[in-house]
Amino acid sequence: MDLPTARREVTETLQRMSAAYYRDVFDEWAIVAIGAKHGGVAAYHGVRGADFITAFQSDFALLRAALEGKELGAGDFDFVPDGRGYHHDAAVKIGRRSYLILNNTYKTMAEIRTDPRWVHAQPHFVALTEKFSSDPLEEL
């Protein structure tokens, strides 16, 4: 999958998830590539702009700890239950060295999961992970 297609897939999926949940599940996301020549952030959507890049390392700390030592393949994902505020909530491996980073800047995953509508948003998320599993993002 190329980057424009990946951006479109993520945007459309998050819109479907929000419709099923009746509010945004994730209001911030980024496609990041480990070791990429463009500084790592290939795409971003959210309210922080350049501040996202500046704060990335600290905001990613909880999720990095959750991913530590795990061998993820394209389409695999992980969540942290307590990523409050700008601390990232989820990561999906979408390519050999690329990840989709997702965040809800108002709620933690634990809070999102307590809403019964979360179950209606999940199939859209799973469908997105399956797309990246079968067609990973090209190297950036």
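Results, tabulated for the structure shown:
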item	result
Set 48, 16, 23: member being of a type outside the set (Asp, Glu) and free of Cβ contacts under 8 Å to residues at least 12 places away in the same chain	23
Subset of the range 8-23 (residues that are crowded, with 19+ Cβ neighbours inside 10 Å and closer than 16 Å to residue 92 by Cα)	9, 10, 13, 14, 17
Filter result for the condition that a residue is of a type in the set (A, V, I, L, M, F, W, C) and in contact with a helix residue (DSSP H, G or I) (Cβ under 7 Å, 6 or more places away or on another chain), over 43, 66, 110	43
Only one of 91, 127, 110, 121 that is over 18 Å from residue 14 (Cβ atoms) and not in a loop (DSSP other than H, G, I, E, B)	110
Tally of residues being buried (at least 16 other Cβ atoms within 10 Å of the Cβ) and either farther than 13 Å from residue 128 by Cα or more than 13 Å from the chain's Cα centre (by Cα) (or both) across the range 85-94	5
Pairs with Cβ under 8 Å, 6+ apart, first in the range 77-96 and within 15 Å of residue 30 (Cα to Cα), second among the acidic types (Asp, Glu) and in a strand (DSSP E or B)	86/28; 90/78; 91/78
Which listed residue, of 34, 112, 53, is crowded, with 18+ Cβ neighbours inside 10 Å, on the phi < 0 side of the Ramachandran plot and either modelled with pLDDT of 95 or more or aliphatic (A, V, I, L, M) (or both)	112
Test: residue in the range 70-81 that is among the acidic types (Asp, Glu), within 18 Å of residue 10 (Cβ to Cβ) and touching a strand residue (DSSP E or B) at 6+ places or on another chain (Cβ under 9 Å)	yes
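Condition check ((1) surrounded by fewer than 18 Cβ atoms within 10 Å (Cβ to Cβ); (2) at pLDDT below 90; (3) polar (S, T, N, Q)) across all residues:
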| site | (1), (2), (3) |
| --- | --- |
| 58 | yes, no, yes |
| 66 | yes, no, no |
| 71 | yes, no, no |
| 75 | no, no, no |
| 78 | yes, no, no |
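The values are calculated or read from the model by the stated rules, or taken from the named source; none is laboratory data. As the structure is a computational prediction, the values presented were derived from the model and not from experiment. Note that each Cβ is placed from the backbone with ideal geometry, even for glycine, and that neighbours are counted across all protein chains shown.
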